[in-house]
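Each remark here refers to the structure printed beneath this line.
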Amino acid sequence: MEHEIAIESSLREKRRFKPDPAFARKANVPGQAAYNRMAKAAEKNPERFWAQQAREHVSWFVPWKKVLDWKLPFAKWFVGAKTNVSFNCLDRHLEGENAWRKNKAAIIWEGEPGDTRVLTYGDLHREVCKFANVLKSQNVKKGDRIVLYMPLIPELAIAMLACTRIGAVHSIIFGGFSADSIRDRIKDAQAKLVVTADGGWRRGRIIQLKKLVDEALEDLPSVERVIVYRRTDHGVPMREGRDLWWDALMEGASTDCKPAKLDSEHPLFILYTSGSTGRPKGILHTTGGYLTQATVTARYIFDLKDEDTYWCTADIGWITGHSYVVYGILANGATTLLYEGAPNHPDEERFWQIIDRYKVTILYTAPTAIRTFMKWGDHHPKKYSLRSLRLLGTVGEPINPEAWMWYRRIIGRNRCPIVDTWWQTETGGIMITPIPGGVATPPGSATRPFPGISAAVVDEQGEEVPTNEGGYLVITKPWPGMLRGIYGDPKRYRKEYWSRFPGVYFAGDGARRDKDGNFWVMGRIDDVMNVAGHRLSTMEVESALVSHKMVAEAAVVGRPDDIKGTAVVCFVTLEEDEQAVPGLDKELKDHVAKEIGPIGRPDEVRFTDALPKTRSGKIMRRLLRDIAAGRETLGDTTTLEDYSVLAALREDED
């Protein structure tokens, strides 16, 4: 059968970096042969593989009776087993041969103003037990939903772990969302208690978190209590009978709280995906399977060692923060670093100062951040040693090869392997990734599915496409960390993830697979443009633009066109010392045409000093599509980092 081309893929990358033998010898997966054995065993029997990993790396109170119960599209993993996430992240590091970790740093934290704290595993255990007892004192019971709306401070991790300790279900709302967004999420989750702070710091300003919570709760009588942590201490109104201070409650709380023995399928958290319009979508994750995947992937992908200081720059309000700032890292007994503020406050060298100050060994950040660092200039990181770094990672969206190479050369000093990871809120943990020391890495590719994960690229009919042909990325078998549904809406869950291709999970992304078996993720299918009968990935056009020596960052969108169907519009920011001289737009159009073919040639290139981004660093392409089409901006813009960027783009349009 002739395959229908889902997405045309023209980007080719021939560079390859083999695992460094010295790194591989000491790695948790020591070399390519060890990786091949692991991957082969997992492919032969995924359930046996995950069961072995769960036995080795997770502590269970009661063993499972069955590894997997799969009734499409609903999965149960480690059926009948009992465990507790808080116990795995804390208690087991204080017992037996691991008891020495009691005095090891669990969390190193730096606030934006420069204040710092270190919590050892012993400290963190004590604080979590106390706050778990605080929750109990407020009549929080197993299964109750608790909303956490806080800055990136240790107390957010403490509140998460306290919920898991007693079986409460937490739902973290990123600290940049509006009152309306908070209200929608609290209402959907039917939360009975909110934990927040008076405020948080961002670029030297106080973010008014308590004020936003007060606005959100005006019409929500279901919330019985609001617990408020003093972060900025700037004075906020407290409603008598509802609002309580964190420190007053903690003062008399007991440090003794036994972890609840929870079923493997007990709900762990609900995390709402940030759609632009419509009803919020609460992704539900449960306990045993999620914990297993987060723990095992963190161990092997980041090659975690006891001496590591690990820094994932994501906010805990996103899934990356859940899995790879808190749960997966602490379950391995590692040290996790938290930084509250912006990467350029008070200047563009904050990240590099932090790495040298705390001797960070593993850095996990977003491609958007990397491209921003490139724009700011090499001279900033070059002032710092960065010698402590031994492993780099990327997360959040596909990384273009030139940003990958810059990351390797300027930040990793050509010695650090890079793990480019693909996964989603829905998958719970990393799905496609190189294993450092075990897999050769081409710049821009997330390489192979993690052992035990089955992925494919298919056409419109759901059949696998030939090598190097673009298609739809699907997961063909259940995996431990998979979402268990959309909270309160099983029909929507089935429709959104399992109806496009019957029997398999459709990720919503396009991809291709090369002759070596490496996956090249091409971005959201929503970001594919129909240009004169061809389906083009915006990511490939962006990657071609950024490969030009003058371009620091680019975002590509489509706008309606009477002749071609869609016209390709590029928003480009230049390197720090470059200027948009006459003729540069044509030069960039020619460059794209040369890199990926004439069909990718942009119709319009617009130069801008900055792109509209969320506080987590993602480009808000939805807003750019509106601007390109001359439409009014619709949907929620409260997560926008800098509103002046949007205003400037509108002025340029006029």
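The values are calculated or read from the model by the stated rules, or taken from the named source; none is laboratory data. This structure is a prediction, so every number in the text was calculated from the model and none was measured. Glycine gets a Cβ as well: all are built from the backbone with ideal geometry, and neighbour counts include every protein chain shown.
Identify the single condition in (1) farther than 30 Å from Arg12 by Cβ; (2) within 19 Å of the chain's Cα centre (by Cα) that Arg492 does not satisfy, given that it satisfies every other one.
(2)
Could you grab me the full set of residues in the range 248-302 that are among the acidic types (Asp, Glu) and either over 14 Å from Pro480 (Cβ atoms) or under 16 Å from the mean Cα position of the chain (by Cα) (or both)?
Matches in the range 248-302: Glu251, Asp256, Asp263.
Residues to consider are Asn98, Asn28, Asn103; find the one that is assigned by TED's automatic domain parsing to the domain that holds Gly438 and under 30 Å from Ile354 (Cα atoms).
Only one candidate passes the filter, namely Asn28.
Being at pLDDT below 95 and out of contact with any helix residue (DSSP H, G or I) (no Cβ under 8 Å at 6 or more places or on another chain), is that true of even one residue in the range 348-365?
No, there is no match, as no residue in the range 348-365 is at pLDDT below 95 and out of contact with any helix residue (DSSP H, G or I) (no Cβ under 8 Å at 6 or more places or on another chain).
Mind checking which pairs have a first residue in the range 473-484 that is assigned to a strand (DSSP E or B) and a second that is modelled with pLDDT of 95 or more and hydroxyl-bearing (Ser, Thr, Tyr), Cβ under 6 Å, 6 or more apart or different chains?
Taking only residues 6 or more apart or on different chains, the pairs are Ile475/Tyr505.
Can you name the residue in the range 193-207 that is at pLDDT below 95 and not in a strand (DSSP E or B) and, of all such residues, is farthest from the chain's Cα centre (by Cα)?
Ranking the qualifying residues of the range 193-207, first place goes to Gly204.
Restricting to the range 575-598, name every residue that is within 27 Å of Glu469 (Cβ to Cβ) and either surrounded by fewer than 17 Cβ atoms within 10 Å (Cβ to Cβ) or in contact with a Phe, Trp or Tyr (Cβ under 6 Å, 6 or more places away or on another chain) (or both).
The answer is Asp590, Ala593, Lys594, Gly597, Pro598.
Name the residue that is surrounded by the fewest Cβ atoms within 10 Å (Cβ to Cβ), counting only residues in the range 152-183 that are at pLDDT below 90 and in a helix (DSSP H, G or I).
Ranking the candidates gives Asp180 first.
If I filter the range 120-140 for residues that are over 28 Å from the mean Cα position of the chain (by Cα), in contact (Cβ under 8 Å) with a residue 12 or more places away in the chain and under 30 Å from Ala42 (Cα atoms), do I get at least one hit?
Looking through the range 120-140, none of the residues is over 28 Å from the mean Cα position of the chain (by Cα), in contact (Cβ under 8 Å) with a residue 12 or more places away in the chain and under 30 Å from Ala42 (Cα atoms).
For residues that are under 21 Å from Ala629 (Cβ atoms) and within 28 Å of the chain's Cα centre (by Cα), tally how many sit in the range 569-613.
Total meeting the criteria: 10.
Can you confirm whether the range 153-160 contains a residue that is within 23 Å of Tyr272 (Cα to Cα) and touching a Gly at 6+ places or on another chain (Cβ under 8 Å)?
Within the range 153-160, one or more residues are within 23 Å of Tyr272 (Cα to Cα) and touching a Gly at 6+ places or on another chain (Cβ under 8 Å).
Any residue at all in the range 30-46 that's of a type outside the set (Gly, Ala, Ser) and closer than 18 Å to Tyr327 by Cβ?
Scanning the range 30-46, I find no residue that is of a type outside the set (Gly, Ala, Ser) and closer than 18 Å to Tyr327 by Cβ, so the answer is no.
Let me spell it out: the conditions are (1) modelled with pLDDT under 95; (2) surrounded by fewer than 19 Cβ atoms within 10 Å (Cβ to Cβ); (3) among the hydroxyl-bearing types (Ser, Thr, Tyr), and Ser9 meets all of them except one. Which number is the exception?
(2)
Identify, from the list Gly241, Gly288, Gly235, Gly252, the residue that is free of Cβ contacts under 8 Å to residues at least 40 places away in the same chain and over 22 Å from Asp214 (Cβ atoms).
Exactly one of Gly241, Gly288, Gly235, Gly252 is free of Cβ contacts under 8 Å to residues at least 40 places away in the same chain and over 22 Å from Asp214 (Cβ atoms), namely Gly252.
Tally time: how many residues in the range 393-412 are charged (D, E, K, R), over 12 Å from the mean Cα position of the chain (by Cα) and under 22 Å from Val325 (Cβ atoms)?
0
Can you tell me which of Val134, Val128, Val140, Val147 is part of a loop (DSSP other than H, G, I, E, B), crowded, with 19+ Cβ neighbours inside 10 Å and not assigned by TED's automatic domain parsing to the domain that holds Pro343?
Val140 is the lone residue from the list that is part of a loop (DSSP other than H, G, I, E, B), crowded, with 19+ Cβ neighbours inside 10 Å and not assigned by TED's automatic domain parsing to the domain that holds Pro343.
Does any residue in the range 31-43 that is under 16 Å from Thr441 (Cα atoms) come within less than 9 Å, Cβ to Cβ, of a residue that is surrounded by fewer than 19 Cβ atoms within 10 Å (Cβ to Cβ) and of a type outside the set (Gly, Ala, Ser) six or more places away or on a different chain, and which pairs are these?
Filtered contacts from the range 31-43: Gly31/Pro21; Gly31/Arg25; Gln32/Lys18.
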